[in-house]
Amino acid sequence: MCGIVGAVAERNITAILLEGLKRLEYRGYDSAGVAVFTNDGILDRVRRPGKVSELDQALAATPLIGRLGIAHTRWATHGAPCERNAHPHFSGQNLAVVHNGIIENHEALREQLKAQGYVFTSDTDTEVIAHLLAHKLKDLHDLTVALKATVKELHGAYGLAVISADQPDRLVAARSGSPLVIGLGLGENFLASDQLALRQVTDRFMYLEEGDIAEIRRDSVQIWDIDGKAVEREAVQYGDNAESAEKGEYRHFMLKEIHEQPTVVQRTLEGRLSQQQVLVQAFGPEAPELFAKVRNVQIVACGTSYHAGMVARYWLEELAGIPCQVEVASEFRYRKVVVQPDTLFVTISQSGETADTLAALRNAKELGFLASLAICNVGISSLVRESDLTLLTQAGREIGVASTKAFTTQLVGLLLLTLSLGQVRGTLAPGVEATLVEELRRLPTRLGEALAMDSTVEKIAELFADKNHTLFLGRGAQYPVAMEGALKLKEISYIHAEAYPAGELKHGPLALVDNDMPVVTVAPNNELLEKLKSNLQEVRARGGELIVFADEKAGMSNGEGTHVVQMPHIHDILSPILYTIPLQLLSYYVAVLKGTDVDQPRNLAKSVTVE
Ligand code: HGA
C-alpha cells in the first residue's frame, strides 16, 4: 500500500523516482504521480490513475527533467482513485506534498483553510497539508520551520515529503505512524517509505523515528525529534542481499520469515493507528459508511488463512458483538448458502490468487452480500482487484511454503477489522479500543521476546523426532492456534498431528493418548486456564507427555512428563498472535531434526491457484 520516493541530487532524478515507485508496486496502489522542480525553474507534476507504467508512458510523452522531486503511489483512503486525487498535491504553483496515512482532522482543517481563501482541487485529506503548510510559510518563510509548525496541527498518521520551488535546495519530510527512510548518497540524498525503493541508488540508510522531521539537502541531512531537538540517527549499511530473496544468516527461509514477524507486524500496523483508535479508512474510503451497515460477517479462506479467520470469529463476537461465520472456501463455494442481511463477505489469502477463495468471492457476488473485503499480502492480486475493500498485510515476500509471517499479519489485520467494525457501530466496551491499540503497539516487542525462546523450543523439539502422532489442544481463540500448530507440524515434518478443542478430549481423542503421543497445549492466563489444567491432568493420568506453552503468570511448572515453556505475559486478546510463534518454531525444529525439505515440503505449493 502506498509509497513515497524523493530525491535531491545533481543529476536528473525522474528515472530514479520512477524506479523507486516500481519497486514499491507489490504493495498495491491505485494511482501514481511525480512532481519535479524542473531545470526550467518551475514545479511541475504528472499524475495518472492506474499503474506506474502508465505514469511512465505519460512521462515519456511529457518529460520532467530536474534535480529535486517527489513521487507517490496512492491507495485511496479519502476520495476516489482518479487523477485529481492522486499525489503529489499542490498548494499554488510552488509547493508539492506526498503523504502516506490518514489525517483525521482533515474536515476541520479544510473548513478553516477554505475560509482563508484556499481552493481545494481534490477530495483527499492530504491536500489540507499542502494548504496548511503554504499558509504557515507566509509567516515563517522557511520550509523546514513551516513543516514543523504544520505537523503540530495534524491528527492521525503520516509519512510526508515536501518540496518547494521557492526553496529548491531541499526536500523536507515528517514521520508519524507511517515509515520513512533516508537513503544516503554521495552529493545526493534520497527519501522513501521503504528502503527497497532506493536499493538501486544506495546501500546506506537512516531510518526516521516517530515524530522526526528531516531536512534533506544534496550534501547534508538534519533531523529533529518529536520535541524539536536536533538529533543524529544512525546510518546503517546493507549488504547486497538485505530484504531480498536470500536466506541471509538463516538456514531456511521459514526460520528467516519466523524471525521477521516483529518487523512485518509493525509494518502492518503502520499508518493504521491513531493515538487511541484504529483508522477505519485504512480499509478504503467507503469503509466507514459500509462498516456502519454491517450486521454479520462471513469469512471464507483456505489452510492457514482459514485458521486466521477462526481466530477472528472469537474477536468479532466477543469485542464487536457481530455474529461471524467462518468456512473453508472449497466447501463454501459448492454449497447452497443462506446469506443473512447486511453481511460483510471477508476473504483471507496470502497470495490473493488462491483458486477456491477467489471462486468463493466470485460466487458471493451473486449471493447478495453487503460488500466484500480482502485481507491479502499481495496488492496486485486478483482477490484485491475483485473486492470492494482491501486490507493489505505487509508481510513482504513469503518464500517458505508453510506460511508463518503471513498468518500473524493476517491476525493483526483481522483485529484491526474487529476494532474498526466495533468502533463504527459503537459496540465496543468503553476503553477497549484504546487499550488494544496500545497493546498492538507493544506487540512487536512481545513477539521479539517470544522469538528469544528459540533455543528452548529447539530442545523441546527433540521429544518429537521419533514420534508419529501428536495432539494439539487449545481452548477459546487458542483452539485455532492449536489447529495452525498442528497444520505446521504436518506440513513440514510429516508427523501426523491433530488439533482439538481441549474440552473435546474426553469425547474421543483421549483414547489415543499414551506415552507415544505427545500432547502440545497453549495456555495463556485467561478464565479458561483452570479448565485447561484439568484437561491436562486427564492426559497425564494416561501417561501422555505434555508440552505446555504457558503464560508466566499461569502458575505452571515442569513436572514428570510435563514440559512447561514460560511465555511472556500478554493481553488475552492478543495471545493467539503470540502463542503462534513457539508452535511455528517447534514444527520448524522438528522438521530440521527429521531432515525434511523445510522450505518446500513434499506435495505442497506456495500459492494454490488450482482447485
Ligand atoms: N489519505 C491519503 C493517502 C492514503 C495513502 O496512504 N495512500 O497510499 C489519500 O487518500 O490520498
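Condition first: among the β-branched types (Val, Ile, Thr) and closer than 21 Å to Gly177 by Cα. Can you find one or more residues in segment 455-462 that meet it? Step through it out loud before you land on a result.
Filtering segment 455-462 for residues among the β-branched types (Val, Ile, Thr) gives 456-457, 460.
Filter once more, keeping what is closer than 21 Å to Gly177 by Cα: none.
Taking every residue of segment 455-462 in turn, none turns out to be among the β-branched types (Val, Ile, Thr) and closer than 21 Å to Gly177 by Cα.
Please tell me if Gly228 is modelled with pLDDT under 95, of a type in the set (Gly, Ala, Ser) and open to solvent by less than 80 Å² (accessible area, probe 1.4 Å).
Details: modelled with pLDDT under 95: no; of a type in the set (Gly, Ala, Ser): yes; open to solvent by less than 80 Å² (accessible area, probe 1.4 Å): yes.
Criteria not met by Gly228.
Inspect all residues belonging to segment 392-404 and state whether any of them is open to solvent by 10 Å² or more (accessible area, probe 1.4 Å) and closer than 18 Å to Thr77 by Cα.
Yes, because at least one residue in segment 392-404 is open to solvent by 10 Å² or more (accessible area, probe 1.4 Å) and closer than 18 Å to Thr77 by Cα.
Within segment 426-476, how many residues are touching a residue at least 40 places away in the same chain (Cβ under 8 Å), farther than 27 Å from Gly271 by Cα and not β-branched (Val, Ile, Thr)?
Result for segment 426-476: 17.
Just to be sure I understand, how many residues within segment 341-351 are under 21 Å from Thr418 (Cα atoms) and under 23 Å from the mean Cα position of the chain (by Cα)? It would help to see each step written out before you state the result.
The initial filter retains those residues of segment 341-351 that are under 21 Å from Thr418 (Cα atoms), namely 341-350.
Narrowing the set further to residues that are under 23 Å from the mean Cα position of the chain (by Cα) leaves 344-350.
Of the residues in segment 341-351, 7 are under 21 Å from Thr418 (Cα atoms) and under 23 Å from the mean Cα position of the chain (by Cα).
So is His141 at pLDDT 95 or above, more than 13 Å from the ligand (Cβ to nearest atom) and touching a Phe, Trp or Tyr at 6+ places or on another chain (Cβ under 6 Å) or not?
Details: at pLDDT 95 or above: yes; more than 13 Å from the ligand (Cβ to nearest atom): yes; touching a Phe, Trp or Tyr at 6+ places or on another chain (Cβ under 6 Å): no.
Criteria not met by His141.
Is it the case that segment 158-179 has a residue that's open to solvent by less than 10 Å² (accessible area, probe 1.4 Å), more than 16 Å from the ligand (Cβ to nearest atom) and part of a helix (DSSP H, G or I)?
Checked against the condition, which is being open to solvent by less than 10 Å² (accessible area, probe 1.4 Å), more than 16 Å from the ligand (Cβ to nearest atom) and part of a helix (DSSP H, G or I), segment 158-179 yields no hits at all.
I'm told Ala149 meets every condition in (1) more than 23 Å from Leu17 (Cα to Cα); (2) within 13 Å of the ligand (Cβ to nearest atom) except one. Can you identify the failing condition by its number?
Failed condition: (2).
Picking from Gly248, Gly309, which residue would you name as being among the small types (Gly, Ala, Ser), more than 16 Å from the ligand (Cβ to nearest atom) and open to solvent by 40 Å² or more (accessible area, probe 1.4 Å)? So that I can check it myself, show each step before the final result.
Working: Gly309 fails: open to solvent by 40 Å² or more (accessible area, probe 1.4 Å).
Going through Gly248, Gly309 in turn, the sole match is Gly248.
Looking at (1) touching a strand residue (DSSP E or B) at 6+ places or on another chain (Cβ under 7 Å); (2) at pLDDT 95 or above; (3) open to solvent by 10 Å² or more (accessible area, probe 1.4 Å); (4) within 16 Å of the ligand (Cβ to nearest atom), which is the only condition His106 fails?
For His106, the failing item is (1).
If a residue has to be at pLDDT 95 or above and open to solvent by 10 Å² or more (accessible area, probe 1.4 Å) to count, how many in segment 341-362 make the cut?
2
Of these, Ala429, Ala461, Ala452, which one is aliphatic (A, V, I, L, M), open to solvent by 10 Å² or more (accessible area, probe 1.4 Å) and over 25 Å from Cys324 (Cα atoms)? Before you say what the answer is, go through the steps one by one.
Details: Ala429 fails: over 25 Å from Cys324 (Cα atoms); Ala461 fails: open to solvent by 10 Å² or more (accessible area, probe 1.4 Å).
Only one candidate passes the filter, namely Ala452.
The values are calculated or read from the model by the stated rules, or taken from the named source; none is laboratory data. It should be emphasised that the depicted structure is a prediction, and the values quoted were computed from it without experimental measurement. With ideal geometry, Cβ positions are generated from the backbone for all residues, glycine too; neighbour counts draw on all protein chains shown. Note: accessible area is taken over every heavy atom of the protein model, side chains too, but ligands, DNA and RNA are not part of it. Shrake-Rupley method; radii C 1.70, N 1.55, O 1.52, S 1.80 Å.
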